[in-house]
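Engineer: Just passing along the structure, written as structure tokens.
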Amino acid sequence: MQNSHSHLQNSQRETAARHLVKRVPTGNPDETVASVLERLPGNVFDYADTVYVVDEINTLIGMIPMPRLLAAAPHQYLHDILRKPFPAVHTGADQETVASLAIVNGIAAVPVVDGQQRLLGVVPPQALLEVLRHEHVEDLHRFAGIRHYNLQARTAIEASPIRRARDRLPWLLVGLAGSVLATYIMAQFESALQSQMAIAFFVPGLVYMADAIGTQTEAITVRGLSLSRGPVGALIAGELRTGIIIGLALGGLTFPAVWLIFDNFQLALAVSLALLVAGSAATTIGFLFPWILSRLGKDPAFGSGPLATVVQDVLSLIVYFFIISLIVQ
């Protein structure tokens, strides 16, 4: 029972309910600006940069930023100057969703309502900043493949060495399995490597570039999934085109350099084509891993780090040696 209670407390800490403050200025839609301004002095508010317009049963109708209220004529009614539609969340909304909603809508605080749209309070600016910082740190940990079992695990750097190793090892074991697979792939091309040792020179650089491109895409995707409202098909197509452009640029720069240094046109062409294909694939993988996990209701940050790196490394090697087998004699 204690574990269930602890889990409930932890889940509440990740939602809008944790950051809710209740004392905010409100007004009736049929009230005048002058009437509201007369009532404000002498009251103590947790957040007072916005006046929230509610009806007789406290249903949230709209919101008026304080600068807009002060700029309005005293005789104007609130229903004439309120902002509608307006963003609002329920108490169970994930805290990262709340922060993203504030950014997308350009508001400093997010109103919180119940199931009947009655105003309960707001998530204030300070809380939103805290959430953004917390989520940023958490994403960085997950990019590195560090698991978190509870809130205290976020201070991973202060944990004991055994705890740190336990948090980091699971995804690194996946990476170890991937490295075994990569070694197996290279072993299949032993004859090609023996005939032209120069083929092996480009493996580290190719793998690094694919990882770097994928990591950039993952970082953009993890944060962008919560902010972007574009259709997924268009986002995937955009990342694929981006990868092709990056691959063309890198391949175009690599081709003359390899040809000049090694005096081997076929090798230069193979390396350049491998960069093109691997770069295009890396952006797609970097987008798809977080997106699939997001669709499954998991944290998209888990789709990056060691797991995506393994896939990109293995795929880059397969692409490279396949092209080598077709072009280089």
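Read-outs throughout are calculated quantities, based only on the coordinates presented, and are distinct from any laboratory measurement. In this text, all values refer to a predicted model and were calculated from it rather than measured experimentally. FYI the Cβ positions are ideal-geometry reconstructions off the backbone, even for glycines, and counts take in every protein chain you see.
Engineer: What distance in nm separates the simple spin-label points at residue 73 and residue 245, each placed 7 Å from Cα in the Cβ direction?
Structural biologist: Reported label-point gap for residue 73 and residue 245 is 5.0 nm.
Engineer: A follow-up question, please. Residues with amide H under 5 Å of residue 63's amide H, sequence separation 5 or more or different chain, H placed in the peptide plane at 1.01 Å from N; which?
Structural biologist: Distant-sequence amide H within range of residue 63: 53, 83.
Engineer: Under a point-charge model restricted to the Cβ atoms of Lys and Arg (+1) and Asp and Glu (-1), what is the dipole moment magnitude of the range 32-109 relative to its Cα centre, in debye to the nearest 20?
Structural biologist: So the magnitude is around 240 debye.
Engineer: Further question on the same structure: Can you pull the semi-axes for the range 2-131, root of five times each eigenvalue of the Cα gyration tensor, sorted largest first, whole Å?
Structural biologist: Taking √(5λ) for each Cα gyration eigenvalue gives 29, 14, 13 Å.
Engineer: Now for a different question. List the residues, sorted by chain then number, that are 5 or more residues from residue 26 or on another chain and whose placed amide H is less than 5 Å from its amide H.
Structural biologist: 52
Engineer: Would you mind checking which residues have amide H under 5 Å from residue 91's amide H? H placed 1.01 Å from N; only 5 or more apart, or other chain.
Structural biologist: 113
Engineer: Taking the Cβ-Cβ separation of residue 90 and residue 165 as r and a Förster radius of 41 Å, what is the calculated FRET efficiency to the nearest 0.05? Present the calculation step by step, with values, prior to reporting the outcome.
Structural biologist: Working: r = 39 Å, r/R0 = 0.96.
Given R0 = 41 Å and the Cβ-Cβ separation, E is 0.55.
Engineer: Whole-Hz Karplus ³J(HN,Hα) for the range 259-272, in order, using 6.51 cos²θ - 1.76 cosθ + 1.60 and θ = phi - 60°, x for Gly and Pro?
Structural biologist: 4, 5, 6, 9, 6, 9, 4, 5, 5, 4, 5, 5, 5, 5
Engineer: Under a point-charge model restricted to the Cβ atoms of Lys and Arg (+1) and Asp and Glu (-1), what is the dipole moment magnitude of the range 2-131 relative to its Cα centre, in debye to the nearest 20?
Structural biologist: Working: 9 positive and 13 negative charges, 26 e Å.
For the range 2-131, the charge dipole is close to 120 debye.
Engineer: Along the range 182-197, what does the Karplus equation 6.51 cos²θ - 1.76 cosθ + 1.60 (θ = phi - 60°) give for ³J(HN,Hα), rounded to whole Hz, x for Gly and Pro?
Structural biologist: For the range 182-197, the Karplus-derived couplings read 5, 4, 4, 4, 5, 5, 5, 10, 4, 5, 5, 5, 6, 6, 9, 4 Hz, x marking Gly and Pro.
Engineer: Convert each backbone phi in the range 108-116 into a coupling constant with the Karplus relation 6.51 cos²θ - 1.76 cosθ + 1.60 (shift: θ = phi - 60°), then list the ³J(HN,Hα) values in order as whole Hz, x for Gly and Pro.
Structural biologist: Couplings: 8, 9, 10, x, 10, 10, 8, x, 9 Hz.
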